[in-house]
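For reference, the structure discussed in these notes is given below.
The values are calculated or read from the model by the stated rules, or taken from the named source; none is laboratory data. Worth saying up front: this structure is predicted, and the values here are computed from it rather than measured. Cβ placement follows ideal geometry from the backbone for every residue including glycine, while neighbour counts extend to all protein chains displayed. Surface accessibility is based on the protein's heavy atoms, side chains included, excluding ligands, DNA and RNA. Shrake-Rupley method; radii C 1.70, N 1.55, O 1.52, S 1.80 Å.
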Amino acid sequence: MENFLFKVNDHVSRWLNLRQISNVSLSIIPNEVDQGDTVILNISFETTIEYVYIDPPNASSSRSSLYLDFFPDIPAGVLRHVYDEVYRGGGELNEGTKIKLDINDPDSLDKAVTVISHWQLSTTDCNNSGYAVQPIINFIDADDNKTVTFLEVNDQNRIYIRRSALNATTSINANLQPSATPFTRDLTLWLLILKGTEAISFDNYMKHMDFIFCGTDGIQNKQELGKMIYNLKGRRLLPFTDTDAYRSLKVATEAFLMVNCGVSNYGSFSTRDVEELYNRVTLKNGDVDRSDLDKFWGQYLVHTNGTDEKVLPYLAIIRRKLGDQGIKNITMDQALDLFDEDGNRDMKKTNCVGIISDKLSNPCFLELIWSYWHEESMMVQGISAICRRFQNLRGNGNGNRNGNGKMSVNGNGKMNGYGFDPLANLEIDPLRPLNNVIWGYIQDEQHRLSVRRRTLEYDHHYGISLHGKAVGTLPTADSRSKFIEAFHHLLNTTLRFYKQLDDTTVVADGFPILNALKEVHLILSEGAHNQFGDLPSTARIEMLMQQWLLARPEFREFLPTRIMVAYPEAWMDRVASMNSLQNWTKTSVLHFRDLGVFGEQLLLSVRFGNWASVSDRNQAANWAKFWREQIQGYVHAYRAVTGIDLSLEVGKIDGQQPSVHLLRRLKEQTIR
């Protein structure tokens, strides 16, 4: 049986190739009803799934579907196909033995399974005293001819619905649902931001590194990655001996970020994106499939002068402000690459000055706040302590949260202020790759961003900074001092919106969120200058390499990690171990990681949304609904890290820098 319709939920379907159907059963709950009752009908049968199709069959393909035939006939529209499930094995299923399978899982193919199809019948308009129910298969061939096959049910006594003789009154079932909102086109932008941040996540980074260095499979952009590596490996040279392993890691990491960062790299929308949308937002204007999402994304983008490619509405406004500037399609490094070995080149005349085309039409979806929170987790400090010990420099056993790691020597030639070294047993043998990679990492220190350089940019972007001896007092020229208060106000307003949304007796108002989004958007826009274009990506490349180093199995030998703590990323237990050894912080590194990941997604949606020109409260309401997991996750992690609850409905919104709260908690930890 080809192209058998399988309904995953109200919005997503699959089409299966099935072998013979057998052992058909029908259950009706309840089978004696009053007019107006809702009846649940469950049809189960045994079969074997040969193949699963995501796309619907075309008009020239044969197709099949399950249906229920009633005698007498029922009015149109009262029967609804709700969803289908598939369970492992055949025979009678019960709650203790049945194992639900993922229809997309290859392990579910060519095995005996039981399919259960769930249907719902409303009897409000059904006036007969009873009905007989018969499962059937509707088969339509390539010529659109229809054939009906009646399925024989095991228990013939369970195919009737009877009208109750005890109560002839009509009952009405009423329930309240959360308020739905119309579809807005910027939902497609948020889906792409979600895909973009997942594309540059640590898990995807490790898949790419395993593909590059170990030959494993599991990534989709192999050709683009290979081309980027080929172009970069001849440019990223180091003037040090025996550093090729580190240089390879650096090239691979930069190539990973470049092929996964731009918005144009994410391709068209998929069925998974449709499922993600409906899991997050309740819409009231009909179903949306992936072709609709592609269409709405094209409608969301706008044309701008000087380029054939459409751009985000926010960037189109910036382009209009620079209307006197041309578009520069070839960058300076690309211009050099056009020369061949004979000194010739084939290059059309282009603007020598102007807006870089790729920056306008293909922005990179990453935020520096990811780097800030990972740095506050002490990840950078931890890898720095390991590198000092690798060079045979003694560490400070008393711990110093943002210490500069420098030693002072007294008159007797002995070091001052250094007690027991927590990393005294660090021994990285030269037979495994980590030894040589760390050697190259240390040699290349002069080419990496310093903690002061990053802190200056944290302050320029978000008005936040690190505190400690390594940073000192920084005379910043431009600080977003109002960002923290505005961002926390947005989160607090959104949390109050969720309370209205969950109260099904009211319609939640999105206007307060819209006003808060405008404020944060304008503050973020003010910080998008100077180092904004290059420092965040450079910091991300460096920190991804640090995570890769910490995730190496060699570290297990001298860092006592807690095996039973299920950290989602391999580098996290190493940082947790360093925090414990150095007495830096007792807060779980997981919370810092969540702040970085969730904060990045939220700020990207605020920065690249055209909020200054939006007046529709439905867009703000959809934003709040779509990012609910991230907002509530961020608020929880912020309370765990700083002790500040951003969900309070009374009192002044907290506008203090996070590092101030972290220092306070560190002092409290030291006193205890």
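Tell me yes or no: at least one residue of the stretch 508-519 is surrounded by fewer than 19 Cβ atoms within 10 Å (Cβ to Cβ), touching a Phe, Trp or Tyr at 6+ places or on another chain (Cβ under 8 Å) and not in a helix (DSSP H, G or I).
Scanning the stretch 508-519 turns up at least one residue that is surrounded by fewer than 19 Cβ atoms within 10 Å (Cβ to Cβ), touching a Phe, Trp or Tyr at 6+ places or on another chain (Cβ under 8 Å) and not in a helix (DSSP H, G or I).
Quick check: anything in the stretch 201-210 within 23 Å of the chain's Cα centre (by Cα) and not in a helix (DSSP H, G or I)? Lay out the reasoning, then the answer.
Initial filter on the stretch 201-210 (within 23 Å of the chain's Cα centre (by Cα)): 201-210.
Going one step further and asking which of them are not in a helix (DSSP H, G or I), we end up with 201.
Yes, there is a match, as at least one residue in the stretch 201-210 is within 23 Å of the chain's Cα centre (by Cα) and not in a helix (DSSP H, G or I).
Within the set of pairs 6+ apart or on separate chains, which have a first residue in the stretch 177-188 that is in a strand (DSSP E or B), a second that is polar (S, T, N, Q), and C-beta atoms under 6 Å apart?
Correct list of pairs: Thr181/Asn618; Thr181/Asn622.
Which condition number in (1) more than 18 Å from Gln381 (Cα to Cα); (2) open to solvent by 50 Å² or more (accessible area, probe 1.4 Å); (3) touching a residue at least 60 places away in the same chain (Cβ under 8 Å); (4) not hydrophobic (A, V, I, L, M, F, W, C) is the one that Pro553 fails?
(3)
Write out, first by first residue and then by second, each pair whose Cβ atoms fall under 6 Å of each other, whose residues are 6+ apart or on separate chains, and whose first residue, in the stretch 341-363, is surrounded by 11 or more Cβ atoms within 10 Å (Cβ to Cβ) while the second is aromatic (Phe, Trp, Tyr) and modelled with pLDDT of 75 or more.
Cβ pairs passing all conditions: Arg345/Phe339.
Any residue in the stretch 519-535 that is under 17 Å from Ile317 (Cβ atoms) sitting within a Cβ distance under 7 Å of a residue that is open to solvent by 80 Å² or more (accessible area, probe 1.4 Å)? List the pairs, counting only those 6 or more apart or interchain.
Ile523/Lys482
Would you be able to tell me the number of residues in the stretch 444-474 that are under 24 Å from Leu549 (Cβ atoms), open to solvent by less than 60 Å² (accessible area, probe 1.4 Å) and in contact (Cβ under 8 Å) with a residue 60 or more places away in the chain?
Counting residues in the stretch 444-474 that are under 24 Å from Leu549 (Cβ atoms), open to solvent by less than 60 Å² (accessible area, probe 1.4 Å) and in contact (Cβ under 8 Å) with a residue 60 or more places away in the chain gives 11.
Determine which single condition Arg235 fails, assuming it passes every other condition in (1) of a type outside the set (A, V, I, L, M, F, W, C); (2) within 27 Å of Ser361 (Cα to Cα); (3) surrounded by 19 or more Cβ atoms within 10 Å (Cβ to Cβ).
(3)
May I ask you to list the residues in the stretch 1-12 that are touching a Leu at 6+ places or on another chain (Cβ under 6 Å) and either surrounded by fewer than 19 Cβ atoms within 10 Å (Cβ to Cβ) or closer than 26 Å to Asp125 by Cβ (or both)? Before you say what the answer is, go through the steps one by one.
Residues of the stretch 1-12 touching a Leu at 6+ places or on another chain (Cβ under 6 Å): 1, 4, 6.
Of everything in the stretch 1-12, just one residue is touching a Leu at 6+ places or on another chain (Cβ under 6 Å) and either surrounded by fewer than 19 Cβ atoms within 10 Å (Cβ to Cβ) or closer than 26 Å to Asp125 by Cβ (or both), namely Met1.
So is Gly326 of a type in the set (Gly, Ala, Ser), over 34 Å from the mean Cα position of the chain (by Cα), over 26 Å from Thr188 (Cβ atoms) and at pLDDT 75 or above or not?
Details: of a type in the set (Gly, Ala, Ser): yes; over 34 Å from the mean Cα position of the chain (by Cα): yes; over 26 Å from Thr188 (Cβ atoms): yes; at pLDDT 75 or above: no.
Spelling it out, it is not the case that Gly326 is of a type in the set (Gly, Ala, Ser), over 34 Å from the mean Cα position of the chain (by Cα), over 26 Å from Thr188 (Cβ atoms) and at pLDDT 75 or above.
Considering only residues of the stretch 36-59 that are within 38 Å of the chain's Cα centre (by Cα) and not in a strand (DSSP E or B), which is farthest from Ser13 (Cα to Cα)?
By that ranking, first place goes to Ala59.
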